[in-house]
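Asks: Have a look at the structure that comes next, please.
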Amino acid sequence: MNLFERAIELAERGRGKTGDHPLVGAVVVRDGEVVGEGWYEYEGVRHAEVIALEQADDAARGATLYVTLEPCSHHGRTPPCADAVVAAGVARVVVGARDPNPLVDGRGLERLRGAGIEVELLDDLAARRQNEAWRVWKSLERPFVTYKAALTLDGSVAVPGRRWVSGEESRRRVHELRAASDAVAVGMGTVRADAPRLDAREVGAVRQPRRLAFGHGPLPEGSELELRGGPLEEEVRALAAEGVQSLLLEGGPTLATAFLDAGFVDKLLFFIAPVLAGGGPRVLGDLDTPLELLHLRAEPSGEDVLVEGYLHEP
């Protein structure tokens, strides 16, 4: 494991604890030896860079700092991290990704370079993916939207005579996705047809996501979903203002196609089952324009194959 990968690993220790802040990890290295490490946890308030620098103490002077996200340059809950890096006498800083927060966005790098510190910006995909939801929420003022669907090899979302399209492992992973999301949503057509619960079950979820239905009500009696019946863009912006950073989109093709045409889908997750349905409802309706995917990758998911792709750079 190289030193930047170690910083990424440290950042993950803050997963689920950072509130409205990003994950950040930091490693201080002097003469080939790690002299300080830190990661951000909301409850601790202090930022990863400051924790690592304090641990390094005098050894930080002339050292190299590896940090997953651009050091902040403004006063928030804490003083600017960029100032702390300068004060510590660090000679070189390797930064995983720029901070898209309008209050930072390059200013932290400028502060470091202005103090004579050598700065290397990696623009690393892993660093950007680590905070993909926060980056979209902070820069675009909307949730990061993932559209998840289970489908057959010929593109159907239903198989005659079967309750489920995907296998047990894929269904378990969907519950993990729900547990990791701020909100999960379907359209009213799915609500009426399937009465989905949309909660995360049997995966040790620390909290449940908000469970939403987009469209025109009323909701069926006894439904525990939250109806969002306004124009799509207004509802998406409102959710972001309410603190929803990540939205998992499930359900049928109508809602997914509307989100895609509006440019609101950031990532696709397709669980593809080894079966041909020979007909039935399709995974998507007709799109206004073709869409190309970025950073496509595939991996086994039990007997299924999970295909992941991005619509926008994370």
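Asks: Just to verify a result, which residue in the stretch 136-150, among those that are closer than 26 Å to residue 305 by Cβ and of a type in the set (Phe, Trp, Tyr), is surrounded by the most Cβ atoms within 10 Å (Cβ to Cβ)?
Replies: Per the criteria, the residue is 144.
Asks: Out of the residues in the stretch 155-166 meeting the condition of being of a type outside the set (A, V, I, L, M) and farther than 21 Å from residue 267 by Cα, tell me which one is most open to solvent (accessible area, probe 1.4 Å).
Replies: 163
Asks: If you don't mind, there's one more thing I want to ask. Say we look at the stretch 68-101 and pick out the residues that are charged (D, E, K, R) and open to solvent by 30 Å² or more (accessible area, probe 1.4 Å); which of these is modelled with the highest pLDDT?
Replies: For the stretch 68-101, the residue satisfying everything is 92.
Asks: Just checking, does the stretch 45-67 include any residue being closer than 19 Å to residue 127 by Cβ, open to solvent by less than 30 Å² (accessible area, probe 1.4 Å) and within 19 Å of the chain's Cα centre (by Cα)?
Replies: Yes: the stretch 45-67 contains one or more residues that are closer than 19 Å to residue 127 by Cβ, open to solvent by less than 30 Å² (accessible area, probe 1.4 Å) and within 19 Å of the chain's Cα centre (by Cα).
Asks: For residue 127, are the conditions met, namely being more than 17 Å from residue 250 (Cα to Cα) and touching a Gly at 6+ places or on another chain (Cβ under 8 Å)?
Replies: yes
Asks: Which of the residues spanning the stretch 113-151 are farther than 27 Å from residue 209 by Cβ and among the β-branched types (Val, Ile, Thr)?
Replies: Within the stretch 113-151, 117, 119 meet the criteria.
So that you can scan it fast, the table gives a plain yes or no per residue for (1) farther than 28 Å from residue 139 by Cα; (2) surrounded by 15 or more Cβ atoms within 10 Å (Cβ to Cβ); (3) among the small types (Gly, Ala, Ser):
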residue	(1), (2), (3)
252	yes, yes, yes
265	no, yes, no
274	yes, no, no
295	no, no, no
301	yes, yes, yes
304	yes, yes, no
308	no, yes, no
314	no, yes, no
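Asks: Is it fair to say residue 170 is farther than 30 Å from residue 221 by Cβ, crowded, with 19+ Cβ neighbours inside 10 Å and at pLDDT 95 or above?
Replies: yes
Asks: Right, next: When you check residue 19 against the structure, is it under 26 Å from residue 139 (Cβ atoms), crowded, with 24+ Cβ neighbours inside 10 Å and in contact with a helix residue (DSSP H, G or I) (Cβ under 7 Å, 6 or more places away or on another chain), yes or no?
Replies: No.
Asks: A further question follows. Condition test on residue 38, is it over 20 Å from the mean Cα position of the chain (by Cα) and either in contact (Cβ under 8 Å) with a residue 12 or more places away in the chain or open to solvent by less than 70 Å² (accessible area, probe 1.4 Å) (or both)?
Replies: Here the answer is yes, as residue 38 does meet what is asked.
Asks: Still on this structure: Only residues that are in contact (Cβ under 8 Å) with a residue 40 or more places away in the chain and within 13 Å of residue 22 (Cβ to Cβ): list them for the stretch 94-111, please.
Replies: Result: 96, 99.
Asks: Are any of the residues in the stretch 191-204 in contact with a strand residue (DSSP E or B) (Cβ under 7 Å, 6 or more places away or on another chain) and surrounded by fewer than 19 Cβ atoms within 10 Å (Cβ to Cβ)?
Replies: yes
The values are calculated or read from the model by the stated rules, or taken from the named source; none is laboratory data. If you're wondering where the values come from, they're calculated on a predicted model, not measured in any experiment. Because the Cβ atoms are built from the backbone with ideal geometry, glycine has one as well, and the counts that use them run over all protein chains shown. Protein only, heavy atoms only, side chains kept; ligands, DNA and RNA dropped before computing areas. Shrake-Rupley method; radii C 1.70, N 1.55, O 1.52, S 1.80 Å.
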